[in-house]
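The values are calculated or read from the model by the stated rules, or taken from the named source; none is laboratory data. A quick note: this is a predicted structure, and the numbers were derived from the prediction, not measured. Note that each Cβ is placed from the backbone with ideal geometry, even for glycine, and that neighbours are counted across all protein chains shown. Quick note on the areas: whole protein, heavy atoms, side chains included, nothing else; ligands and nucleic acids left out. Shrake-Rupley method; radii C 1.70, N 1.55, O 1.52, S 1.80 Å.
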Amino acid sequence: MSSKPEQKETHQANGAVVPIVPVDCLASPDRGQLVEPSDFLGPDSDGVEVVVLESRANAKGVREEDALLENGSQSNESDDTSTDRGPEPASPLKETSFSIGLQVLFPFLLAGFGTVAAGMVLDIVQHWDVFKYVTEVFILVPALLGLKGNLEMTLASRLSTAANIGQMDTPKELWRMITGNMALIQVQATVVGFLASIAAVIFGWIPDGHFSIDHAVLLCASSVATAFIASLVLGMIMIGVIIGSRKMGINPDNVATPIAASLGDLITLALLSGISWGLYKELESKAYVNPLVCAFFIALLPIWIIVAKKNTATREVLYSGWEPVIIAMAISSVGGLILDRTVSDPNFAGMAVFTPVINGVGGNLVAVQASRISTYLHMSGMPGESSETAPRKCPSPCSTFFSSDVNSRSARVLFLLVVPGHLVFLYTISSMQGGHTTLTLIFIVFYMTAALLQVLILLYIADWMVHWMWGRDLDPDNFSIPYLTALGDLIGTGLLALSFHILWLIGDRDSDVGD
């Protein structure tokens with residue numbers, strides 16, 4: 001009985017509806033004191049159970065709205081706190097296609113213009129000596145750009161979650177989260193950068209049968225240094241954005257990931273170009289510089305491992321977060337091999353500027369869909385638990401794109417964003433005279449076909465992969481996005497190369513090449 005007043009106070013703080021009681025019942029005859037809680041009990045000592053039920057329903061609605069807000073898809077409806085809703089957690093079915101598209105549009109355009117800037121940089125640097133004579137650097141491009149999805153975007157997600165649940169409110173907690181997560185991404189960036197250089201050496205050696213130890217060390221030094229510095233710069237930017245967002249009362253989930261997506265490609269590609277160019281110039285006169293740079297960053301690994309291991313917030317990721325990062329890097333490297341084989345061919349002139357755009361747009365859209373599906377599943381339980389809201393493991397294309405549930409609706413909206421988005425990006429590239437290509441009608445048709453097919457495949461794979469990982473007790477938030485963005489790089493590069501090849505066969509490219 002002593003807990004009743006606390007329960008009533010909690011219910012009122014949660015905004016629950018309290019049964020209306022006459023004023024006379026709230027005070028003693030002299031209206032000087034409130035009556036005891038026992039006065040509210042009936043003859044059979046039955047409590048006011050409706051208050052407890054209302055509070056639970058209201059708390060459930062608040063949790064649902066918070067989850068949707070973190071995923072950038074908060075419903076505009078306000079009836080989630082209805083008392084006649086059953087105990088089963090409700091799914092976010094109240095969103096309209098217009099509200100989904102409106103919320104996704106600005107981050108989509110922001111990230112898209114970032115990929116356009118990266119494409120313009122790649123279009124310029126492809127003519128530098130280091131890209132001409134050490135063509136394996138092209139293989140590094142998709143793998144290192146993929147670090148944005150593998151490291152920076154997951155860092156933004158982790159820190160945003162920590163900020164939203166109050167784990168960064170005090171200076172001590174803030175410093176602990178910053179040091180642990182920064183050390184973690186330095187470990188991951190160094191290892192992935194080193195492995196990406198090995199993959200580039202192998203993929204460059206197999207077709208030609210030629211191996212140069214100087215070029216191999218150059219690739220290793222360039223890749224490791226780029227991955228380390230890019231992760232450091234982007235990590236600091238993410239921390240600043242998240243702290244500033246919290247102070248301004250903005251949900252970090254809504255701004256951190258788009259900024260990571262828009263800046264990641266540009267910063268990484270600019271660093272890779274500048275570092276590889278500088279190290280290439282030192283090959284002849286100072287050959288010891290390349291191995292020294294590579295050894296320096298690798299020697300720092302034990303320090304970052306110790307710092308990340310001591311932090312409870314990053315220890316688990318340090319042990320278990322390698323599989324998706326490394327496999328995604330390998331998949332992206334295959335896309336880099338396609339880029340390496342096509343970008344130097346005159347018949348594929350202009351492909352360099354469009355590759356980061358089509359890959360970035362596809363990866364960003366499928367990341368949004370994967371995050372939405374994951375949130376949808378988390379609202380009904382934990383990974384590995386059976387969920388009535390989860391469809392069969394191998395969904396049909398009709399259920400993915402044409403059913404009435406919210407995830408199918410969002411898939412249609414994201415798919416419909418492809419054509420207008422790419423038209424804006426193509427016009428931007430053309431106005432900046434990038435790609436040495438004029439935008440003829442047939443070129444736009446083939447380009448749009450490749451982009452639509454890429455996103456169509458990725459959205460279907462996301463629907464299957466997220467549910468499959470959920471059933472295998474894996475959190476899709478940590479495992480699905482690296483795989484999907486890497487597949488976006490591979491599928492996008494392959495389809496774009498195929499489109500350019502078909503255009504060359506039918507003769508349209510002869511009139512499109514501007515130089």
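The Ser399 and Arg315 beta-carbon pair, evaluated with R₀ = 51 Å, returns a calculated FRET efficiency of approximately 0.85. Here the spin labels are modelled as points 7 Å beyond Cα on the Cα-Cβ line, and at Ile298 and Lys281 they lie 2.6 nm apart.
Classify the range 262-358 from the C-alpha gyration tensor, please: rounded if a/c falls under 1.5, else prolate or oblate depending on whether a/b exceeds b/c. Since a/c reaches 1.5 but b/c is at least a/b, the shape of the range 262-358 is classed as oblate.
Taking every C-alpha pair closer than 8 Å and separated by at least 6 residues, the mean separation divided by the residue count of the range 110-506 gives a relative contact order of 26 percent.
Potential lengthening of the chain between Val233 and Asp208 amounts to 5.4 nm, from the contour at 0.36 nm per residue minus the alpha-carbon distance. Rounded to a whole number, what % of the accessible area of the range 110-506 do carbon and sulfur atoms account for, probe 1.4 Å? Answer for the range 110-506 is 69 percent, counting heavy atoms of protein chains only.
How would you classify the range 302-358 from its alpha-carbon gyration tensor, with a ≥ b ≥ c the square roots of the eigenvalues: rounded for a/c under 1.5, else prolate if a/b is greater than b/c, otherwise oblate? Verdict is prolate for the range 302-358.
The phi-based Karplus calculation (6.51 cos²θ - 1.76 cosθ + 1.60; θ = phi - 60°) puts the 3J(HN,Hα) values of the range 330-346 at 5, 5, 5, 5, 5, x, x, 5, 4, 4, 4, 7, 10, 5, 8, 8, x Hz, whole numbers, x for Gly and Pro.
The alpha carbon gyration tensor of the range 110-506 gives principal lengths a ≥ b ≥ c with a/c of 1.5 or higher and a/b no greater than b/c, which makes the shape oblate. The residues of the range 265-424 expose on average 44 square angstrom of accessible surface per residue, using a 1.4 Å probe on protein heavy atoms. With a threshold of 31 Å on the Cα-Cα distance, the over-threshold entries among Lys247/Lys310; Lys132/Lys309; Lys247/Lys309 are Lys132/Lys309.
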